[in-house]
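Report on the following structure.
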Amino acid sequence: MSKEKQNQPLPDFDWDKAADKGFGTGYSVADRDRLEQMYETTISPVQEKEVVKGIVVGITDREVILNIGFKSDGIVSSNEFRDLPGMKIGDEVEVYVENQEDAQGQLVLSRKKAKVITAWDNIQKSFDEDVVIDANVKRRTKGGLIVDIFGIEAFLPGSQIDVKPIRDFDIFVGKRMEVKVVKINYANDNVVVSHKILIEKDLEAQRQQILNNLEKGQVLEGVIKNMTNFGVFIDLGGVDGLLHITDISWGRINHPSDLLALDQKLNVVVLDFDEEKKRISLGLKQLQSHPWDSLAEEIQVGSKVTGRIVNVADYGAFLEIKPGVEGLIHVSEMSWSQHLRNPQEFMNVNDEISAVVLTLDRNERKMSLGIKQLTEDPWTQASLKEKYAIGTRHKGVVRNLTNFGLFIELEEGIDGLVHVSDLSWTKKIKHPSDFVKVSDELEVVVLELDADNRRLALGHKQLEENPWDTFESIFEVGSVHKSTIVAKGDKFATLELPYGIEGVAAIKNLTKEDGTFAEVGESLDFTVLEFLKDEKKIVLTHSKVKAAPASEEKKEDRPAKAPSTPKAAATTETSSSSGKDAEKSTFGDLSVLSALKEQMEESEKKGKK
């Protein structure tokens, strides 16, 4: 065969054409167009910064050679094909054209960038067309899961995993899950997906069916999906209903977790349904009969009951006799004392106590209780009249102050009134707070007892003898005494006399020898103008002190009267006619006794004449 080829004659060669101006210049226009068309079919146009498809034409340990229809082949690192372990020559892959020709004249390609660009295009397309994506859960993160879609990591929030709250995210790691793209943020390269939206779509038909057939009194089965302080939310099969804490049990509970748990299945009854707001109110205790209906007939007014304190308020405490049956113990029924105190001083929550039924209304399901009735009323004690007989002395605690007096608690339940006028013999007390404070201990004397009306009149000043009987002989009309001005008003001034008693003087009677008026704090001699024993009032003047010698002479006409009490035995300060300081005298002084004897003898002589 080869010999036959060698024997065939060769065509004539046109040397004129070969010797023309240059290579390729001997083609006709038709030949050139035909050759250019053949060349264009073998080489594809390639643009930089775009994704193109390439065919694997070679594989080495470190590189993969790709033909993208360009004038040269591109080389890509084999590390970028780890996700394709079974790749072989002839396979078609997508790559990104970074540079048509680098410094070495090589075509630069990247499969990694091609995957990213393609993935974002697919994500945007899925979002626009509302396409369901098959995602692979890679790991757990704070607040949700990280899933892989098209090679891009997306965030699946915990609230978007299921229609019911998921408490353990780890059970989804490594599993595949269908999701939909719900949000794309290109600035942060962030994608948010949801699996819950697919479930809700499937449950929409079931939810609508439940709502159409829903009616009050209907009993449904549900699962507790969420728990709060005010109640629990129950999944009724695509529709959520609220079971309020007050509708969980007839008894009082502090938190729904006391009786219920998450994911617990239970039967509930529909109490109310708002079609516009799609709100369903559920009840659990309504599936049981009310405890008041089974309350024992033996419990009547006056019966003694035992229970547990479930709540303590400012006005009283609630005693639970049985779950759902409570009675109020008002603070006034906790003690015989008339002074209301904080109920927490008597009892605390969860205390087991006994009480007496005071009122009972089974129709209204109300009950009032008392614990003070378990002890004897102190006002009905047989020994009361003897114990608090008139004139007996007692000590008590000041509980309350009023404008007219103060109340003293002698024992629990026994209070007495001390009028403001019965606090002191000598001082004029305007308000009891000037004399004593609340919670102070005070000794008193019983002035009057009315057991039937629960009244007890007490006095404090009666612990001592009435000093005004003695003062009558000391502060005689015309006597002069050193006094201190303690206060001044518009018309009268208040003076402090010896023995701690007070007197009054008209402002016009405060004129001194130089014509000026005495001021508060000054100590001067004052003459007694009036002594009103019944009113416990002494009226004095400073302007008439000069007339004191005349009154002293009148006093010499009658024998001196000795004080009747130890307190009255103290000396009075008298003013001499010369205006010198008054001299102090006592009955223990011999000179005073002798002078007194002389005065008495002179008066006797005058009487004989």
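The values are calculated or read from the model by the stated rules, or taken from the named source; none is laboratory data. Owing to the predicted nature of the structure, the values given are computational and were not obtained by experimental measurement. Cβ atoms come from the backbone with ideal geometry, glycine included; neighbour counts cover every protein chain shown. For accessibility, only protein heavy atoms count, side chains too; no ligands or nucleic acids. Shrake-Rupley method; radii C 1.70, N 1.55, O 1.52, S 1.80 Å.
Over the stretch 390-433, the hull volume per residue, using the convex hull of the C-alpha atoms, is 85 Å³. Only the Cβ atoms of Lys and Arg (+1) and of Asp and Glu (-1) were treated as charged; on that basis the dipole of the stretch 214-353 about its Cα centre amounts to roughly 140 debye.
Put the Cα centre of the stretch 295-371 next to the Cα centre of the stretch 441-499 and the gap is 48 Å. A convex hull fitted to the Cα coordinates of the stretch 397-464 yields 78 cubic angstrom per residue. Ordering 371-381, 325-335 by mean Cβ neighbour count within 10 Å, with the highest value first, yields 325-335, 371-381. Can you bin the stretch 174-219 into rounded, prolate or oblate? Criterion: square roots of the alpha carbon gyration tensor eigenvalues sorted a ≥ b ≥ c, rounded for a/c under 1.5, prolate for a/b above b/c, oblate for the rest. Prolate shape, in that a/c is at least 1.5 and a/b is the bigger ratio. Applying a threshold of 22 Å to the alpha-carbon distances of LYS183/LYS278; LYS482/LYS508; LYS461/LYS482; LYS138/LYS196; LYS216/LYS322; LYS164/LYS201 flags LYS183/LYS278; LYS461/LYS482; LYS216/LYS322 as lying beyond it. Extension gain for GLN124 to HIS244 (0.36 nm times residue separation, less C-alpha to C-alpha distance): 38.8 nm.
The Kirkwood hydrodynamic radius of the stretch 127-198, based on inverse pair distances between different Cα atoms, is 12.1 Å. Hey, any idea what % of the stretch 214-341's accessible area is carbon plus sulfur with a 1.4 Å probe? Carbon and sulfur atoms account for 47 percent of the accessible area of the stretch 214-341. Hey, quick one: spin label on GLU443, modelled 7 Å out along Cα-Cβ, who in the stretch 393-434 has an amide N within reach, i.e. under 18 Å? Correct set: 393-398, 408-411, 418, 422-426. Once you have a ≥ b ≥ c as the square roots of the Cα gyration tensor eigenvalues for the stretch 366-409, tell me rounded if a/c is under 1.5, and otherwise prolate or oblate according to whether a/b is larger than b/c. It is oblate, given that a/c is not under 1.5 and a/b is not larger than b/c.
Note on the stretch 300-412: Kirkwood hydrodynamic radius from all Cα pairs is 16.0 Å, rounded to one decimal. Overall shape of the stretch 219-375 was characterised from the C-alpha gyration tensor. The equivalent ellipsoid obtained from it has semi-axes of 37, 17, 13 Å, in decreasing order. How big is the charge dipole of the stretch 153-250 about its Cα centre, in debye rounded to the nearest 20, if each Lys and Arg gets +1 on its Cβ and each Asp and Glu gets -1 on its Cβ? Here the stretch 153-250 has a charge dipole of around 120 debye.
Each label was represented as a point 7 Å from its Cα along the Cα-to-Cβ direction; for SER294 and LYS428 these points are 7.4 nm apart.
The relative contact order of the stretch 163-285 comes to 21 percent, based on Cα pairs under 8 Å that sit 6 or more residues apart. Each label was represented as a point 7 Å from its Cα along the Cα-to-Cβ direction; for ASN267 and ASN136 these points are 4.8 nm apart. Evaluated with a Cβ-only charge set (Lys, Arg +1; Asp, Glu -1), the stretch 279-355 carries a dipole of roughly 260 debye about its Cα centre, given to the nearest 20. Against the compact-protein benchmark of 2.2 N^0.38 Å, the Cα-based radius of gyration of the stretch 377-501 scales to 1.30. Between PHE155 and LYS216, the FRET efficiency from the beta-carbon distance, with R0 = 30 Å, is close to 0.10.
As a calculated quantity, the FRET efficiency between GLN462 and PHE404 at R0 = 25 Å, using C-beta atoms, amounts to about 0.90. Pairwise Cα distances in the stretch 120-167 exceed 12 Å for 65 percent of all pairs. Gain on full extension, evaluated as 0.36 nm per residue between ASN453 and ILE253 minus their Cα-Cα distance, stands at 67.6 nm.
Modelled this way, with points 7 Å down the Cα-to-C-beta line, the labels at LEU35 and GLU519 are 13.5 nm from one another.
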